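K.L.:
The structure is given below, and queries will be raised subsequently.
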Amino acid sequence: MSDIYLSVVVPVYNEEESLEALSDRLMPVLENLKKPYEVIYTNDGSKDKSLEILKKLHKKYPHHVRIIDFMGNFGQHMAIMAAFEQSRGAVVINLDADLQNPPEEIPKLLAKVEAGHDVVGSFRIKRSDNPLRHIGSRFANFVRGFITDAKMKDQGCMFRAYTRPIVNQVVQGGESHTFIPVLAWRLAQNPTEVGLRHDAREQGDSKYSLYHLIRVAIDLATSFSLVPIQFFTFFGMIVSSLSFLLVLYMVARRIFIGPEAQGVFTLLTIVIFLISVAIMGIGIIGEYVGRMYQNTSKRHRFIIRDIIEEKKK
Ligand code: UDP
Ligand code: MG
C-alpha cells in the first residue's frame, strides 16, 4: 500500500463552528510527529457550511486532508467506518470534530501503540458533559459490561487508536449498526487504555438527541451478544414454573374449598405486569430480527457522494 504512518479520522455532522479551530490545533501536532500522515473527514450529511469549510481545509492542505462526503446522515459510527475503509495509515486514530478530544493528546495514544498495543482505548479524565449524560453513560457502561465481555473502562470515548490489522477486520466485518470501540476491543489481542483529557464542547450542541442516545444504547446491547434475549427466556422460565405451581394450587383449592371471587385487582395487576413484560420481550426479539433484516437485505450501510482528495500520480 503506502507508507502513511497515521490516519486521523474525524466524523463531522454540522460542525461549522469547530472545524477550523480543530484543524489549527490538529495539524501542528501531526506535523510534529515527523512521519507521513493524513486526515480524513467524513461529512455525515451536514446541513450547515461544514462541507464548504472542509473543502477549504483540503485546499489548504491538499496532500494531507481527504474528505468523504456522505449522501445523507448515516451516523457517527458509519462515518468512522467509511473513513476506516479509505484510510491508509499503519495506525488510525479517531477524533471528534468538536474539540472535546484535545488533539494534543494524540502522542499519548501513539506511545501506547509503539509499546505494542493493537488497540488503545481511552477513558475521560474529568469528563466535561452535562450530569445527565454522565449518568446515562455510566449506566450504558454498566449494561455493556454486563452484556459483553469487553472489559473496558469507558466505551463512550471515541478518542482511540487502532492498528492496521484491527481496522481491516472492522471493515471486513461489514456490520451496519455497530459500536466501533467495542467491536475493535473484542478483536484486539493486546488492548490497553489511557486516560485522556476531555474538554467541554465550546461550539454548537451535542449532535445526539435523547432518542439517538437510546438507539445507540440498544445497538450496543444487541450487537454483541444474545444476553438480553437469554435473560428474557430465563425470566420466562422462572415465571412459568411459578405460575404452574399456582395453577396446581388453584385446582386443589377449587376441589377442596370451592370457587373464589376475591382478589380481582391483584390478578389484574399481575396480568398487566406480565403483559408488559411480554411486550418488552417482543421488542427485544424485534431488535434481533431487525438486525437480521438489515444484514440480509444488503442495503448500503452508507452512501458516498464524493471523495475529495489529491489524486495519486
Ligand atoms: N457525528 C456524526 N454524525 C452524527 C452525529 C455526530 O458524524 O449523526 C459526529 C459529530 O460531528 C462529532 C462526533 O460525531 O464529531 C461526536 O458527536 P457529538 O460531539 O455530538 O457527541 P457527544 O460528544 O455529545 O457524545
Ligand atoms: Mg462531543
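K.L.:
From the helices alone, meaning DSSP H stretches of at least four residues, give me the mean residue ellipticity at 222 nm for the chain, per-run term -39500 (n - 2.57), in deg cm²/dmol to the nearest 500.
P.N.:
The helix contribution divided over the chain gives -16500 deg cm²/dmol.
K.L.:
What distance in nm separates the simple spin-label points at Ile285 and Glu20, each placed 7 Å from Cα in the Cβ direction?
P.N.:
So the label points at Ile285 and Glu20 sit 5.6 nm apart.
K.L.:
Ok, one more. Counting residues in segment 17-59 as N, plug N into 2.2 N^0.38 Å and put the Cα Rg over that result.
P.N.:
This ratio for segment 17-59 stands at 1.25.
K.L.:
Continuing with this model, one more query. Set the Förster radius R0 to 35 Å, insert the Cβ-Cβ distance between Ile135 and Glu52 as r into 1/(1 + (r/R0)^6), and round the FRET efficiency to 0.05.
P.N.:
So the FRET efficiency works out to roughly 0.40.
K.L.:
Pulled fully out, how much extra length does the chain show between Arg164 and Ala261, if you take 0.36 nm times their separation in residues and subtract their Cα-Cα distance?
P.N.:
Computed gain between Arg164 and Ala261 is 28.0 nm.
K.L.:
Report the Cα centroid-to-centroid distance between segment 219-256 and segment 137-196 in angstrom, as an integer.
P.N.:
33 Å
K.L.:
Same structure again: Quick one: helix 131-147 against the long Cα principal axis of the chain, what's the angle to the nearest 10°, folded into 0 to 90?
P.N.:
Approximately 70 degrees, to the nearest ten.
K.L.:
By count of other Cβ within 10 Å, fewest leading, how are Ile147, Ile275, Ile93, Ile303 ordered? Before the final figure, lay out the partial values.
P.N.:
Details: Ile147 19, Ile275 10, Ile93 26, Ile303 13.
By the 10 Å Cβ count, ascending, the order reads Ile275, Ile303, Ile147, Ile93.
K.L.:
What's the exposure ranking of Lys49, Lys60, going from fewest to most Cβ atoms within 10 Å?
P.N.:
Details: Lys49 15, Lys60 12.
Going from least to most buried by this count: Lys60, Lys49.
K.L.:
Let me ask another. Pick from Ala140, Ala21, Ala278: which is most flexible by mean-square fluctuation in a GNM of the chain where alpha carbon atoms under 10 Å apart are linked?
P.N.:
Largest GNM mean-square fluctuation: Ala278.
K.L.:
What size of dipole, in debye to the nearest 20, comes out for the chain about its Cα centre when the only charges are +1 on Lys and Arg C-beta atoms and -1 on Asp and Glu C-beta atoms?
P.N.:
500 debye
K.L.:
Can you pull a Stokes-Einstein diffusion coefficient for segment 167-313 at 4 °C (1.567 mPa s), Rh from Kirkwood over Cα pairs, as a whole number of µm²/s?
P.N.:
D = 62 µm²/s.
K.L.:
With N residues in the chain, what two-decimal value do you get for its Cα radius of gyration over 2.2 N^0.38 Å?
P.N.:
Against the empirical 2.2 N^0.38 Å value, I get 1.25 for the chain.
K.L.:
What is the spread of the Cα atoms of segment 175-260 along each of their three principal axes, largest first, in whole Å?
P.N.:
The Cα atoms of segment 175-260 stretch 73, 37, 27 Å along their principal axes.
K.L.:
Using only C-alpha atoms and all pairs of different ones, pull out the Kirkwood radius for segment 74-191 in Å with one decimal.
P.N.:
14.8 Å
K.L.:
Could you compute the longest span of the chain free of GluC sites (Glu not before Pro) located in DSSP loops and having at most 14 other Cβ atoms within 10 Å, not counting the site residues?
P.N.:
Between exposed loop sites, the widest span is 1-201.
K.L.:
Over all directions, the average projected area of the alpha-carbon convex hull for segment 1-118 comes to how many nm²?
P.N.:
If I average the Cα hull's projected area over directions, I get 7.0 nm².
No value in this document is a laboratory result; all are computed from the given coordinates. Keep in mind it's a predicted model, so treat the numbers as computed, not measured. Here the Cβ is made from the backbone with ideal geometry for all residues, glycine too, and neighbour counts use every protein chain on show.
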